[in-house]
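Trainee: I'd like to ask you about the structure that follows.
The values are calculated or read from the model by the stated rules, or taken from the named source; none is laboratory data. Predicted model, so just to flag it, every value in this text is computed and none were measured. With ideal geometry, Cβ positions are generated from the backbone for all residues, glycine too; neighbour counts draw on all protein chains shown.
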Amino acid sequence: MGRGGFRTATKALTYLALWGTVYEDLGRAPTMPEYVEWWGRSRATCYRDKQAFETCFPGVDVEEMWAAVAQQIRTRGQAAALELGGLAWS
């Protein structure tokens, strides 16, 4: 993990979980406008969360990280999602 404190990390992981939820529904990487519309959040908030992800995980592609997380969820089920903080599944 790169820079950032607890708050930044929380935003980064929230972005990953929410992004992944949209990805799973669409079957492809969502555009930022699709992500914003899907969650009904402000554009600014969505971009701040994306920036938090990029700060905490510099050089890491969100789609690649989601693939690893999604594999764990598929392999281990709901327990894996809950261990990841239950961000999108609570």
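Trainee: For Ala67, all conditions in the list (1) modelled with pLDDT of 80 or more; (2) of a type in the set (A, V, I, L, M, F, W, C); (3) over 12 Å from the mean Cα position of the chain (by Cα) hold save one; what is the number of the exception?
Mentor: Of the numbered conditions (1) modelled with pLDDT of 80 or more; (2) of a type in the set (A, V, I, L, M, F, W, C); (3) over 12 Å from the mean Cα position of the chain (by Cα), the odd one out for Ala67 is (3).
Trainee: Ok, one more. Pick from Gly86, Gly77, Gly20, Gly4: which is surrounded by 15 or more Cβ atoms within 10 Å (Cβ to Cβ) and modelled with pLDDT under 85? Show your work before the answer.
Mentor: Numbers: Gly86 fails: surrounded by 15 or more Cβ atoms within 10 Å (Cβ to Cβ); Gly77 fails: surrounded by 15 or more Cβ atoms within 10 Å (Cβ to Cβ); Gly20 fails: modelled with pLDDT under 85.
Only one candidate qualifies: Gly4.
Trainee: Additional query: Could you grab me the full set of residues in segment 23-68 that are in contact (Cβ under 8 Å) with a residue 24 or more places away in the chain, surrounded by fewer than 17 Cβ atoms within 10 Å (Cβ to Cβ) and over 21 Å from Arg3 (Cβ atoms)?
Mentor: Glu24, Ala29, Glu63, listed by residue number.
Trainee: Name every residue in segment 1-51 that is charged (D, E, K, R) and part of a helix (DSSP H, G or I), in order of residue number.
Mentor: Just the residues of segment 1-51 that are charged (D, E, K, R), to begin with: 3, 7, 11, 24-25, 28, 34, 37, 41, 43, 48-50.
Selection gives Arg7, Lys11, Glu24, Asp25, Glu34, Glu37, Arg43, Arg48, Asp49, Lys50.
Trainee: Output the number of residues of segment 1-55 satisfying the condition of being aliphatic (A, V, I, L, M), over 12 Å from the mean Cα position of the chain (by Cα) and more than 22 Å from Gln71 (Cα to Cα).
Mentor: Of all residues in segment 1-55, those aliphatic (A, V, I, L, M) come to 1, 9, 12-13, 16-18, 22, 26, 29, 32, 36, 44, 52.
From the residues that got through so far, the ones that are over 12 Å from the mean Cα position of the chain (by Cα) too are 1, 26, 32, 36, 44.
If we keep only those that are more than 22 Å from Gln71 (Cα to Cα) too, we end up with 32, 36, 44.
Of the residues in that region, 3 qualify.
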